[in-house]
Every structure is written in structure tokens, then in C-alpha cells.
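Worksheet for the structure shown next.
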Amino acid sequence: MSQSLYGSAAKSLSARAAAARALSLVMQGQSLNQALPMLEPRVDESDRGFLRDLVLGSCRHYQRLNALAKMLLKSPFDDSDQDLHALLVIGLYQLHMQGKAPHAAVHATVDVCEELGKGYGKAVINACLRRFGREYDSLTPALDDNPVTATSHPKWLVKMLNKAWPEQAAAILHSNNDKPPLCLRVNRRQVSRDDYLQQLQQADIDARPAPFSDDGIYLNTGLDVTTLPGFAAGFVSVQDEAAQLAAQLLQPQNGEQILDACAAPGGKTCHLLEHADVHVTAVDIDQQRLQRVQENLDRLQLSAELTCADMLQASSWQKQQYDAILLDVPCSATGVIRRHPDIKLLRRRDDIDALVHTQATLLDLAWSALKPGGRLLYATCSVLPQENSEQIAQFVARTDNAELQILDKPWGNACNAGRQLLPQTDSHDGFYYALLQKA
């Protein structure tokens, strides 16, 4: 990263300055998972929630806000000033989406130019934000008429969702722009869900049981999860309800050897171990992310065999045949956009074809490691049929000993193969599952 972008590593930053720098990195192709950890420590702890809100909100509504910024600018910023463009987007987010008082938001945003070492941008940012306030009624109708700026989704994704889910596409696009709820997974080895709900009630924390996951609890207000009763002792973890369904579907049995492929950050690994006394081999290509799996295991007082390997290189991980395999493949992540809104800036249509090819290869490799009579659960956090039902239908067609199991469940949508959950407001993310048995 350039010295001009970051300046001294020790220098503290305001939330707005850090947000502008984070968003500019996303605009240049870096994920928030990479950008935010570098910048958060430089922001006062009391302002980090505000920083995340600015960055996530600006990414969530980027297509709309970016279009507004271009309409307001007389000429675009130079390539070396993309942090100023990001700052303008963040200012518009505060005014347009958050409804902040103009006199406070404009002044505070303009002042960030000096903090970025670019005082020359103050006049432009000030003029654009004040013009937005004056011309709001004439600027916004055009945005509402264009599906890209009306929904803040890239054009290719709007088209794919409308084709795949013509009746549900509008609801998917709407849910993607909501803030996701906070969902917990109770560690059934430590405490029952009913008992933990009682503990939450005693702590004056408003919560409700998840309707589909036997171990899930929704919190009705956000909070610092480390302050939850028994969190440090491993009573609960944070995991979306849709992701919790993996363990219920795979139904691990005592004594089984289970492979969790592409395992990091380990939520499903841990859930399998909470369900039964099984030996889990968790494989992931990223050693740093595997460390997170180990940290989760340690807190929950569980153990698994962790293997850092590329699943595409079978010789690096396949040492035996497994009774069951959880194959949570790399995917477009189009079902979890509300949690990772930078996906809307980073993902490209061409990525889908490459992912589909990788998924098919992983399916074939994992299948070869499954014992006869064993079961494989294929999972993605995607809502695109190419990665999901079409992928599984093609796999079954080319694999003689693969038997697709019917998932007759009270959640999701039945497909020609497997079952698809779509993101729901105040409920689960988008997820896909298909359960296969080896003849």
C-alpha cells in the first residue's frame, strides 16, 4: 500500500477518514476483510461502530451513491484522488441514506479532506454535498427509474436474479440491502437452547428461537457478543441460521470420520463436533484462516484435525475414505451480500463461470474420497442456479453411483436438485444445500 494513501502507520484517523480510505481500497479491488483490519486499529474504539456503518452502508448502496456522485461532479477526480471520490460517496450516504442533518454532515465530511492531506478537495466536496441538498427532488427520480441505481446492484446480477427467481428477485434485492440480524448457535454440549434463552432473559437481552435451526437464537438488538452469558466459556457462537442447517442435514453419527472441505472459519466444523463424537478433518488452503478455526475450537472446548492444503490437489489431503463429507465450496457469495456488501463492487459476471468449473472439480475430487454408502452435503452461500441446482444435476448425470436425496424441509425452495434458501429480512441468509449418497 502506498505511503501517500496511508501516511504514518501510527497516526490515528477519524471514522470518516478511515471509511474513505477503506472504500477507496474496495473501489480498487480489495475486499473489506482485507481493508478494515488495517484501518480499524487507527480509529478510536468508541468510533469503530460508526466506521463500520459508514463503510458497509456506502458499499451497500454504492451503485446509487456513485451515480449521484458522478451527476454532482463537474469533472471526475484524478486516479490519484479516488479517496476523495470515496469521501464524496460517504458524505452522500450520510445525507441520502442516513438522513443526517446537512449542516453537521457536510462540515464534518469536508474537513476530512485536510486529514487525507488533500485540502484542495474541500471546495469540490462541499459544493457537491450542498448541491445535493438543493437539487434532491430533481436528482433522485432518474435513479429510481434505473434498476441498477434503484436497487444498488450491478446490472449483471440484477439480470441473473430476475432470470433465476422472477417472482422473488425484488425481495432478494431488497433483503440484500438490509442490515442482517444477529444469530447465535447454542453449543448443545454445554447448554440447551431453552436454558440459554432463559439466561438471556435474565440478562435483559431480547431474543427468540430460530424457526429452522434446532440450535439457533436470534437477538432482537445488536450487541458486543463477547458480553453474552457464557460466551468465553463456549456456550454460544455467532452463525447465520442457514449455515447452521448443515449439521442438521449431514446428521453426524458417533464414531464417524468426517471431512469438512474448505472449512475456514470453522463454524460448521464446530457445529458437527457439537452434534456428535466424530473425528473431523478440516481442510482449508489458508493457514491464517485455519488459525481462526483453531481459536473457535479452543473456545468451544472441541478438537479436530486441521490440514492446510489445496482441495484441488487431492494428494495433499486425501489420506483415507470418509463416512461423510461437508463440501462448502468457494462460490459467488450472492446469498450473503447483506453481510458482505463489497461483493457488489468486487464480483464480476465472468467470475461465475470460473467458480462453476472449480466447484465441479471439487465435487469430483471429494466424491472419490467418500466411502460407499457415505453421504456428501454440497453447500454454497449463493443464490445462483449455475452454482447450485444446475451444478448438482450435472454431477448426478455424470456420476453413476451418486444418489440425490430428497430434502423435504419446512424451509427454502425445492429445486430440480437440492433446496435453496433465499435471504430473508430479519431472518436467514441465502444458502443452497444438496445431499448425495454414494451407492
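The values are calculated or read from the model by the stated rules, or taken from the named source; none is laboratory data. Predicted model, so just to flag it, every value in this text is computed and none were measured. Counting neighbours? That spans all protein chains shown, and the Cβs are built from the backbone with ideal geometry, glycine included. These area figures cover heavy atoms from the full protein model, side chains too; ligands, DNA and RNA do not enter into them. Shrake-Rupley method; radii C 1.70, N 1.55, O 1.52, S 1.80 Å.
With an 8 Å cut-off on Cα pairs and a minimum separation of 6 or more residues, tell me the relative contact order of the chain in percent. Across the chain, relative contact order equals 13 percent. Bridging of residue 371 to lysines at a Cα separation below 30 Å is possible for 268, 319, 409, 438, once same-chain residues fewer than 8 apart are set aside. The per residue volume of the convex hull around the alpha-carbon atoms of region 94-226 is 212 Å³. For the chain, a simple Cβ point-charge model (Lys and Arg +1, Asp and Glu -1, everything else neutral) yields a dipole of about 1000 debye relative to the Cα centre.
Please list, by residue number, every one of the trypsin sites (Lys or Arg not before Pro) in region 10-52 that is coil in DSSP and has at most 11 other beta-carbon atoms within 10 Å. Those that pass, being in a loop and sparsely packed, are 11. Using a Förster distance of 22 Å, how high is the FRET efficiency between residue 406 and residue 251, based on the Cβ-Cβ distance and rounded to 0.05? The calculated FRET efficiency here is 0.90.
Each of 196, 62, 120 has its accessible area taken with a 1.4 Å probe; listed largest first, they run 120, 62, 196. Over the Cα atoms of region 22-61, each weighted equally, I'd like the Debye log10 I(q)/I(0) at q = 0.24, 0.32, 0.33, 0.35 Å⁻¹, rounded to two decimals. Ignoring solvent entirely, the Cα scatterers give -0.77, -1.16, -1.19, -1.24. Region 23-45 and region 311-381 have Cα centres lying 27 Å from one another.
Accessible area of residue 45 (1.4 Å probe, protein heavy atoms only, ligands and nucleic acids ignored): about 140 Å². For a bin width of 5 Å, list the pair-distance distribution of region 1-153 built from all Cα-Cα distances, rounded to whole %. Reading upward from the zero bin: 2, 10, 20, 24, 21, 14, 6, 2, 0, 0.
Put 204, 83 in order of accessible area, largest first, 1.4 Å probe: what do you get? Numbers along the way, then the final one.
Values: 204 140, 83 10 Å².
Largest accessible area first, the residues go 204, 83.
Between 157, 422, 139, the GNM of the chain built on Cα springs shorter than 10 angstrom shows 139 fluctuating the most. Sparsely packed loop sites in region 341-372 (the trypsin sites (Lys or Arg not before Pro) outside DSSP H, G, I, E and B with at most 14 other Cβ atoms within 10 Å) comprise 348. Over the C-alpha trace of region 182-274, radius of gyration and Dmax come out as 13.3, 41 angstrom. What is the log10 of I(q)/I(0) for region 56-117, computed with the Debye formula using one identical point scatterer on each Cα and no solvent, at q = 0.26, 0.27 Å⁻¹? For region 56-117 at q = 0.26, 0.27 Å⁻¹, log10 I(q)/I(0) is -1.23, -1.28. When peptides 164-175, 369-380 are ranked by their average number of other Cβ atoms within 10 Å per residue, the highest-first order is 369-380, 164-175. If you model region 90-167 as an ellipsoid using its alpha carbon gyration tensor, with each semi-axis the square root of five times an eigenvalue, the axes come out at 32, 15, 11 Å, biggest first. One quarter of the convex hull surface built on the alpha carbon atoms of region 250-401 amounts to 9.3 nm², the projected area averaged over directions. Taking every DSSP bridge with both residues inside the chain, close to 55 percent are antiparallel. Projecting the Cα positions of 30, 207, 191 onto the charge dipole of the chain (unit charges on Cβ atoms of Lys, Arg, Asp and Glu, taken about the Cα centre) puts 30 furthest along the positive direction.
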